[in-house]
Amino acid sequence: MKALVTGGAGFLGSHLCDLLLSKECEVICVDNLITGSARNIEHINNDRFSYIKHDVTKPLYVEEKIDFLFHLASPASPIDYLELPIQTLKVGALGTHNMLGLAKEKKARFLLASTSEVYGDPLVNPQTEEYWGNVNPIGPRGVYDEAKRYAEAITMAYHRYHGIDTRIVRIFNTYGPRMRLNDGRVVPNFIGQALSGEDLTVYGDGSQTRSFCYVSDEIEGIYRLMMSDYALPVNIGNPEEHTILEFAKIILRITGSSSKISFKDLPVDDPKQRRPDITKARKLLHWEPKVSLERGLKETIKYFKSILES
Ligand SMILES: NC(=O)c1ccc[n+]([C@@H]2O[C@H](COP(=O)([O-])OP(=O)(O)OC[C@H]3O[C@@H](n4cnc5c(N)ncnc54)[C@H](O)[C@@H]3O)[C@@H](O)[C@H]2O)c1
C-alpha cells in the first residue's frame, strides 16, 4: 500500500508517517516546510519513505501509484494562520483542490484533515458532526475556519460529483511531542513558560474550556477513519473537558514549576468552549482516546525539556 501525506513534516503529519511506516506502507511525504520542519522526519531511516519538498497550492505530479492520500497541509496554530492568512486560505482552497485532483487521477482514497474550528464559537456543546457551526467569516480566525469549511465543501463535491472515495476528520486540539514551543497553542505555551519559570499567560479569566487529545490517540483515529467506509465528517478528539485555568494548574503541578499565572485580554473570536461528541467515532471506528492527560503531558514535557536542553 502506498500513502501520500501532505503536511508530513508537521506535527501531526510526521506522527502519521511513523504510524503508516509501522503498518508496512510506503509513504511519500509532501511538505513545503512553511510551518513544519525537516527535523520532524529526520529520525526516519526507511527505504519505504520518501520526501518531496513542494507547495501543494501548485499542482503535483507523482509517477507512482497512490492508494491513500492524507491531506494535512495547512498552517494550523492561531499564530501561524494569523501570520499567513493568504497561504492558509490558498492551501485550504487550491491545495485541497489540487490534492483531490491527484486522488482522482490515482483513484486513491482521500482524507481531509479538517478541524473543530469549523464549529467556530459553538452555540451547542459538545459538538456533534451535525452542528453547522457559528463562524465569523471576516474575523481574523476566519481565514482558517473558512478555508477548512471550503475544503470540506469541495471534498464532498468531489465525492458526490466525481465519485471519489473521501473521508473528513474534524480534529480537535491535539498535543504531544514535535509541537513547536513557540506555536502559540496553549499546551506548548504553558509548558514552555512553566519550564523557563515565566508566568503562564491565561487569556480572559481562564473559564473557557478546551479538550486535549494526545497525538498517538489522534493519529490512530485518523488512520481508522481512512480505513473505514464512512464519507461524512467524523470528530476525533478527547471529550474530557478542562478550563484553561485548570489546565494551567495541572501543568504547574506536573512540572513542579514555581511560575505564577497571569491574565491577559481574550483574543477576538476566541471560542468559549469546545468539546467533541465522539459517539460516531466510538460507533463507526471503535475508537476512543486511551492516553490520560497526565501521561500525555508527561511525554510532552519530556520532549520540550529535551528541546530546551539541546
Ligand atoms: N494540531 C491540532 O491540534 C489540529 C487541530 C485541528 C486540525 N488540525 C489540522 O491538522 C493538520 C496538521 O496540523 P499540525 O498541527 O500538524 O500543524 P503543522 O503546522 O505542524 O503541520 C502542517 C504542515 O503543513 C505544511 N504545509 C502548510 N502549507 C503547505 C503547502 N501549501 N504545501 C505543502 N505543505 C504545507 C507545513 O509546512 C507543516 O509541515 C492541519 O491541516 C490542521 O489544520 C490540527
Tally the residues that are within 11 Å of the ligand (Cβ to nearest atom) and either within 18 Å of L225 (Cβ to Cβ) or among the aliphatic types (A, V, I, L, M) (or both), restricting the search to the stretch 60-78. 7
Which condition from (1) part of a loop (DSSP other than H, G, I, E, B); (2) at pLDDT below 95 is the one that R210 breaks? (1)
Would the stretch 142-158 turn up any residue that is touching a residue at least 24 places away in the same chain (Cβ under 8 Å), among the basic types (K, R) and within 28 Å of E240 (Cα to Cα)? yes
Please go through the stretch 268-278 and give me each residue that is under 13 Å from R141 (Cβ atoms) and surrounded by 14 or more Cβ atoms within 10 Å (Cβ to Cβ), ordered by number. D269, D270, P271, R274
Exactly one of (1) on the phi < 0 side of the Ramachandran plot; (2) surrounded by fewer than 16 Cβ atoms within 10 Å (Cβ to Cβ) is unmet by G256. Its number? (1)
Residues to consider are T96, T6, T35; find the one that is within 11 Å of the ligand (Cβ to nearest atom), modelled with pLDDT of 95 or more and open to solvent by 10 Å² or more (accessible area, probe 1.4 Å). T35
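Looking at the structure I just gave you, is T88 within 9 Å of the ligand (Cβ to nearest atom) and buried (at least 16 other Cβ atoms within 10 Å of the Cβ)?
Judged against the criteria, T88 is a match.
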Do we have H54 as at pLDDT 95 or above, surrounded by fewer than 24 Cβ atoms within 10 Å (Cβ to Cβ) and closer than 21 Å to T174 by Cα here? no
Could you tell me which of the residues N189, N173 is within 16 Å of the ligand (Cβ to nearest atom), crowded, with 18+ Cβ neighbours inside 10 Å and either farther than 24 Å from A147 by Cβ or free of Cβ contacts under 8 Å to residues at least 60 places away in the same chain (or both)? N189
Can you tell which of L232, L195 is away from the ligand (no atom under 16 Å from the Cβ) and within 20 Å of A113 (Cα to Cα)? L232
For the stretch 94-104, indicate whether the set of residues that are part of a loop (DSSP other than H, G, I, E, B) and either in contact with a Phe, Trp or Tyr (Cβ under 6 Å, 6 or more places away or on another chain) or more than 20 Å from L33 (Cβ to Cβ) (or both) is non-empty. no
Against the definition (within 10 Å of the ligand (Cβ to nearest atom) and among the charged types (D, E, K, R)), how does R109 come out, yes or no? no
If you check T243, T209, which single one turns out to be crowded, with 16+ Cβ neighbours inside 10 Å, closer than 16 Å to N173 by Cβ, hydroxyl-bearing (S, T, Y) and in contact with a His (Cβ under 9 Å, 6 or more places away or on another chain)? T209
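The values are calculated or read from the model by the stated rules, or taken from the named source; none is laboratory data. Since the structure is predicted, the reported quantities are computational estimates derived from the model, not experimental observations. Cβ sites come from the backbone with ideal geometry, for glycine too, and all protein chains shown count toward neighbours. Just the protein is used for accessible areas: all its heavy atoms, side chains included, with ligands, DNA and RNA removed. Shrake-Rupley method; radii C 1.70, N 1.55, O 1.52, S 1.80 Å.
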